[in-house]
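Here's the structure, in structure tokens; my notes come after.
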Amino acid sequence: MVRLRSRLARSQSSLGRGLLELLSRDRLDDDVWDEIEESLITADVGVAPTRAMVEELRTKVKVLGSRTPAEVRGLLREQLLAQINPDLDRSLHVQKHGERPAVVLVVGVNGTGKTTTTGKLARSLIGDGKKVVLGAADTFRAAAADQLQTWGERVGAETVRGPEGGDPASVAFDATAKGIEDKVDVVIVDTAGRLHTKTGLMDELGKVKRVIEKKATVDEVLLVLDATTGQNGMRQAQVFAEVVNITGIALTKLDGTAKGGIVISVQRELGVPVKLVGLGEGPDDLAPFDPEVFVDAILG
Ligand code: GDP
């Protein structure tokens with residue numbers, strides 16, 4: 001996995017530079033506070049958490065009396081960290097249950113980076129010495145299964161796929177069976193992200209989960225969310241969160257945006273921790289999410 005710090009530093013630095021410049025102003029008057037608020041909202045931190053943070057920061061700065069930019073930065077750092085909630089459990093649940101593999105279900109809208117994240121996650125688990133099987137349960141697009149298989153070959157994991165247009169649940173079942181037969185540690189199932197109707201999605205993901213649970217346990221349901229899609233992506237993510245019990249978020253494409261504040265809004269909206277972040281298209285461009293490193297990258 002890549003180092004979160006170096007990769008984020010580049011994409012988030014424009015936000016950091018803006019904030020640092022604002023915090024260094026001689027007078028922190030209403031206009032400056034408005035600008036600080038605006039930069040955070042522009043970075044997708046979300047209106048409500050931004051307002052709450054800026055309000056508290058203003059009060060603290062007032063109480064403090066004199067202040068240096070470093071002191072205000074320290075206070076903002078504390079606020080951002082509190083919003084991210086560093087105490088949430090961000091570990092991936094990928095421990096075997098006796099002879100049975102752990103199963104990770106990867107869900108989300110098409111184009112967010114599900115297949116890529118599945119491939120990168122497999123790479124990282126294999127790097128940790130685990131054996132992995134991939135399930136191509138997006139049977140609606142032949143290209144999706146091909147793409148996953150290519151990832152499998154690249155990182156050293158077998159891919160179970162079905163006929164195009166076949167039943168996604170049957171592929172999920174076969175992948176789980178293959179995982180048990182081959183005594184692997186983790187089965188990762190890449191699902192289709194068609195947001196046709198909510199009930200359609202619910203039926204489909206529900207069935208996928210049920211059939212896997214005939215043979216194993218779904219330990220982790222990772223929702224993949226594209227950081228560059230902002231509030232729109234969030235609304236779509238909400239639909240997934242309503243139909244399936246999400247256990248963690250993989251936030252992709254953070255390398256291509258200064259809108260890292262989405263970490264705060266997505267956790268707040270969905271009540272689920274960001275566990276992984278995608279920082280590029282390569283096999284090693286995935287990192288565990290670290291709140292402190294992240295906040296330091298935002299603040300520059
Ligand atoms: P899916 O339809 O959800 O399975 O999405 P894909 O895995 O096919 O990804 C869609 C596009 O986003 C591909 O071109 C990926 O290479 C790209 N992508 C995925 N994750 C990242 C990331 O973290 N950073 C960048 N820059 N691109 C990504």
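Can you classify segment 208-248 as rounded, prolate or oblate using the Cα gyration tensor, where a ≥ b ≥ c are the square roots of its eigenvalues, rounded means a/c under 1.5, and otherwise it's prolate if a/b beats b/c and oblate if not? Don't skip to the answer; put the middle values down first.
On the way: a/c = 3.79, a/b = 2.59, b/c = 1.46.
Verdict is prolate for segment 208-248.
So what is the diffusion coefficient of segment 171-300 in µm² per second by Stokes-Einstein at 25 °C and 0.890 mPa s, using a Kirkwood Rh over Cα pairs? Please list the in-between numbers first.
Working: Rh = 16.0 Å.
Taking Rh from Cα pairs, D becomes 153 µm²/s.
Quick one: helix 114-127 against the long Cα principal axis of the chain, what's the angle to the nearest 10°, folded into 0 to 90?
Value to nearest ten degrees: 80.
Work out the charge dipole of the chain with +1 on the Cβ of Lys and Arg and -1 on the Cβ of Asp and Glu about the Cα centre, then indicate which of V61, V160, T199 is farthest towards its positive end.
V160
Under 25 °C and 0.890 mPa s, how fast does segment 43-156 diffuse according to Stokes-Einstein, given a Kirkwood radius computed over C-alpha pairs? Answer in µm²/s, whole number.
On the way: Rh = 18.2 Å.
After rounding, the answer is 135 µm²/s.
Over its Cα atoms, what ratio of radius of gyration to 2.2 N^0.38 Å does segment 69-222 give?
Numbers: Rg = 17.7 Å, N = 154, 2.2 N^0.38 = 14.9 Å.
Relative to the 2.2 N^0.38 Å estimate, segment 69-222 comes out at 1.18.
Could you line up I249, I41 from fewest to most neighbouring Cβ atoms inside 10 Å? Could the numbers behind the result be given before it?
Details: I249 26, I41 17.
Taking fewest neighbouring Cβ atoms as first place, the list is I41, I249.
How do E99, E158 rank when sorted from fewest to most other Cβ atoms within 10 Å of their own Cβ?
On the way: E99 8, E158 16.
If I rank by nearby Cβ atoms, fewest first, I get E99, E158.
Run through the DSSP bridge list for segment 175-300 and note the antiparallel percent, rounded to the nearest 5. Don't skip to the end; give the middle numbers.
Numbers: 3 of 11 bridges.
That works out to approximately 25 percent antiparallel.
DSSP beta bridges in the chain, what fraction antiparallel, as a percent rounded to 5?
Details: 4 of 32 bridges.
So the antiparallel bridges amount to about 10 percent of the total.
Using the number of other C-beta atoms within 10 angstrom as an exposure proxy, rank K275, K60, K214 with the fewest first.
Details: K275 21, K60 16, K214 9.
Ranked by crowding around the Cβ, least crowded first: K214, K60, K275.
Kirkwood hydrodynamic radius for the chain: how many Å is it when counted over pairs of different Cα atoms?
Numbers: mean 1/r = 0.0500 Å⁻¹.
Hydrodynamic radius (Kirkwood, Cα only) of the chain equals 20.0 Å.
Can you tell me the Rg and Dmax of segment 246-300, counting just the alpha carbons, in angstroms?
So, for segment 246-300, Rg and Dmax equal 10.9, 31 Å respectively.
By how many degrees, between 0 and 90 and to the nearest 10, does the Cα long axis of helix 168-181 differ from the longest principal axis of the chain?
Result, in degrees: 80.
Rule-based calculations on the coordinates, nothing more; no lab input. Everything quoted here is computed from the prediction, not taken from an experiment. Positions of Cβ are generated from backbone atoms using ideal geometry, with glycine treated the same way; all protein chains shown enter the neighbour counts.
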